[in-house]
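Remarks on the structure that follows.
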Amino acid sequence: MSIPRIVGWSLLACLAGAVAFLAATVRVVEPQPEAAPSLAVEEVAVPALLVPVAGIGVAQLRSNWGEARGGGMRGHQGLDVMAPAGAPVIAAADGKVEKLYFSRGGGGITLYQRSDDRRWMFYYAHLRDYASGMSEGQQVRAGETIAYVGDTGNAGAGNYHLHFGVARMAPGEGWWQGTPVDPYPLLAGERPGG
């Protein structure tokens, strides 16, 4: 073996040893983001909510938060309220219609309603249709008919129900954002700490 080869292999071995030593002893400290302000449900007043389908009572609801959806690829982030096709969907609380939206792969015909204090977004999905005259920016009152139960989007033909979602909203967040919250305890009248 020639001297340049011996020197080259020796340098390479030393370099590999140095890299291994550094990898074993040097700790990389990732910068930590500043802690976001806590949005615990206790800190944001939860509005009193009505069951968002006319004629359906709390006793008829079953929590399905976190159940597997999409072939087990995601957890369910809402409450499915089983109801007959065309049953009136009512506003769960006072607020303003922020977005009327058609989601091809998800909720189908949907309606997003922001609470009057702008801290909550209520999501109504799989609708058959909106109530006559419903429009973005329209003020609605709790109990007012806003749409009708359907099976649009990924609900499955004949699987009539309302998917009802609730999200806590931070200042400046758009209708598609927010932090999902399990609606069942809110509809059942359970309040955090109580």
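Would you check which residues across the range 182-194 are surrounded by fewer than 21 Cβ atoms within 10 Å (Cβ to Cβ) and either closer than 21 Å to G66 by Cα or among the hydrophobic types (A, V, I, L, M, F, W, C) (or both) and list them? Give the steps one after another, and end with the answer.
Filtering the range 182-194 for residues surrounded by fewer than 21 Cβ atoms within 10 Å (Cβ to Cβ) gives 182, 184-185, 188-194.
Scanning the range 182-194 gives D182, Y184, P185, A188, G189, E190, R191, P192.
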In the range 95-143, which residues are out of contact with any strand residue (DSSP E or B) (no Cβ under 7 Å at 6 or more places or on another chain) and of a type in the set (D, E, K, R)? R104, D117, R118, R141
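Conditions (1) over 16 Å from the mean Cα position of the chain (by Cα); (2) in a loop (DSSP other than H, G, I, E, B), marked per residue:
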| residue | (1), (2) |
| --- | --- |
| P84 | yes, yes |
| V89 | yes, no |
| A92 | yes, yes |
| V97 | yes, no |
| G105 | no, yes |
Considering each residue of the range 140-168, count those that are more than 12 Å from V53 (Cα to Cα), more than 11 Å from the chain's Cα centre (by Cα) and among the hydrophobic types (A, V, I, L, M, F, W, C), and give that number. 3
Which pairs turn up if I take residues in the range 50-73 that are open to solvent by 70 Å² or more (accessible area, probe 1.4 Å) and modelled with pLDDT under 90 and look for partners that are part of a loop (DSSP other than H, G, I, E, B) and of a type in the set (D, E) with beta carbon separation below 9 Å, at least 6 apart in sequence or on another chain? W65/D182
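Filter the strands (runs of 3 or more DSSP E) completely within the range 126-194 down to those with at least 2 residues that are modelled with pLDDT under 95 and of a type outside the set (G, A, S).
161-168, 179-181
The values are calculated or read from the model by the stated rules, or taken from the named source; none is laboratory data. Because the structure is predicted, anything quoted here is derived from the model rather than measured. Here Cβ is always computed from backbone atoms with ideal geometry, including for glycine, and neighbour counts include all displayed protein chains. Calculation scope for accessible area: heavy atoms of the full protein, side chains included, ligands and nucleic acids excluded. Shrake-Rupley method; radii C 1.70, N 1.55, O 1.52, S 1.80 Å.
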